[in-house]
1. Checking ASP47 against (1) touching a Phe, Trp or Tyr at 6+ places or on another chain (Cβ under 6 Å); (2) of a type outside the set (Val, Ile, Thr); (3) more than 25 Å from ARG203 (Cβ to Cβ), which single condition isn't satisfied?
2. Scan SER152, SER194, SER189 and give me the residue that is of a type in the set (Ser, Thr, Tyr), modelled with pLDDT of 80 or more and touching a helix residue (DSSP H, G or I) at 6+ places or on another chain (Cβ under 7 Å).
3. Of the residues HIS267, HIS304, HIS274, which single one is exposed (fewer than 12 other Cβ atoms within 10 Å of the Cβ) and more than 21 Å from GLY232 (Cα to Cα)?
4. Of all residues in region 229-245, count the ones that are open to solvent by 40 Å² or more (accessible area, probe 1.4 Å) and farther than 11 Å from GLY190 by Cα.
5. So, in region 28-48, exactly how many residues are in a loop (DSSP other than H, G, I, E, B) and either among the polar types (S, T, N, Q) or open to solvent by less than 20 Å² (accessible area, probe 1.4 Å) (or both)?
6. All but one of (1) under 24 Å from GLY160 (Cα atoms); (2) at pLDDT 90 or above hold for VAL64; state the number of the condition that does not hold.
7. If you take the residues of region 171-186 that are assigned to a helix (DSSP H, G or I) and either of a type in the set (D, E, K, R) or buried (at least 21 other Cβ atoms within 10 Å of the Cβ) (or both), which of them is farthest from the chain's Cα centre (by Cα)?
8. Would you pick out the residues in region 68-99 that are touching a residue at least 60 places away in the same chain (Cβ under 8 Å) and either open to solvent by 40 Å² or more (accessible area, probe 1.4 Å) or part of a strand (DSSP E or B) (or both)?
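The values are calculated or read from the model by the stated rules, or taken from the named source; none is laboratory data. Quick caveat, the model's predicted, so the values are computed rather than measured. So basically every Cβ, Gly included, is an ideal-geometry build from the backbone, and we count neighbours across all protein chains shown. Ligands, DNA and RNA are stripped out before the accessible areas are found, and what is left, the full protein with its side chains, is counted by its heavy atoms. Shrake-Rupley method; radii C 1.70, N 1.55, O 1.52, S 1.80 Å.
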Amino acid sequence: MYNPIPMLKYSIVVPFHNEEESVTLLYDRLKAVMEHTGEGFELVFVDDGSNDGTFRQLEEIAKVDSRVTVLKLRRNFGQTPALVAGFDHARGEYIIAMDGDLQDDPADIPLFLEKIAEGYDIVSGWRRNRAANFLLRRVPSRVANWLMARLSGVDLHDFGATFKAYRRELIREVPLYGELHRFIPALASGVGASICEIEIRNRNREGGRSHYGITRVVPVFFDLITIRFLLGYLGRPLHFFGSFGMTALFAGAGIAVWLMGLKLRYHTHVMTEHGPLMMFAAVLILAGVQLLALGLLGEMQVRHFHEPAHRAPYVVERILRADKSQESTLAD
């Protein structure tokens with residue numbers, strides 16, 4: 001007889017990359033905290049292509065604790081793919097993600113569980129007193145977080161913290177790739193997620209070295225642009241490209257009409273006297289046409305995405321009918 005795998009209450013997802021000094025300590029602390037909750041839980045540890053002793057330690061832990069699932073990725077894919085792997089294999093009703101370097105304190109997990117119990121879909125950690133270099137890490141982080149809050153409309157102080165709790169069915173609705181894990185709340189806001197923020201402790205690393213530095217500033221800036229586009233124009237790319245295209249097209253056409261007027265009225269030798277301006281007008285017109293074409297191609301891609309599989313551009317949380325017995329929810 002087929003026995004389905006029982007749904008657990010909580011899944012703790014932790015990606016590791018060359019964190020052999022932290023593995024055992026983090027496991028012991030997580031186990032102590034989660035056992036105290038009295039609820040069913042599992043620990044999903046993801047080895048993201050480590051080349052030290054991280055996987056060996058994870059393997060030993062999995063041998064003695066059936067609540068531990070270890071995923072070994074073929075190479076170092078990055079934190080977002082590692083988290084997605086953990087999310088895909090998590091069986092808990094609620095998923096808590098955290099870093100594996102001991103900077104996130106497992107003792108803060110009950111704070112997340114309290115907010116989840118209040119009905120929030122996402123609980124995000126805020127490293128208010130961050131243990132990091134002020135100029136190289138904290139200042140760029142504050143600027144990026146401020147920009148992200150303004151661009152996304154999600155009022156959080158710390159988008160970059162991995163330490164977050166999610167409702168399982170919600171996180172499955174958010175497509176993740178690249179380095180977008182830090183922007184999950186912004187992406188989830190697009191499907192109507194309820195989000196709150198709590199202060200967490202951020203400790204100094206007890207071993208290993210940081211995988212992030214000042215070089216992350218430029219990629220994060222590009223991610224901000226990506227998020228703004230995804231939130232505002234994913235379903236209507238022509239509105240984005242078209243606005244720039246029409247501006248360039250009208251500007252170029254206006255200059256061209258003015259130059260034509262000079263030619264017809266004053267017999268000005270346009271190429272001699274206004275050659276650079278005429279070339280600029282031609283470039284604007286060409287750029288405008290190309291941007292409009294790019295927007296139209298984007299609209300065709302969106303249409304192609306939605307039509308074949310009959311995907312709806314919305315997410316239904318609950319359906320109410322006159323017959324109460326037919327009420328259904330997304331969780332069903």
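1. (3)
2. Testing whether each residue is of a type in the set (Ser, Thr, Tyr), modelled with pLDDT of 80 or more and touching a helix residue (DSSP H, G or I) at 6+ places or on another chain (Cβ under 7 Å) leaves just SER189.
3. Values: HIS304 fails: more than 21 Å from GLY232 (Cα to Cα); HIS274 fails: exposed (fewer than 12 other Cβ atoms within 10 Å of the Cβ).
Sole residue among the options that is exposed (fewer than 12 other Cβ atoms within 10 Å of the Cβ) and more than 21 Å from GLY232 (Cα to Cα): HIS267.
4. 10
5. Residues in region 28-48 being in a loop (DSSP other than H, G, I, E, B) and either among the polar types (S, T, N, Q) or open to solvent by less than 20 Å² (accessible area, probe 1.4 Å) (or both): 1 in total.
6. The one condition VAL64 does not meet is (1).
7. Here the answer is ILE171.
8. Hits for region 68-99 are PRO81, ARG91, GLY92, GLU93, TYR94, ILE95, ILE96, ALA97.
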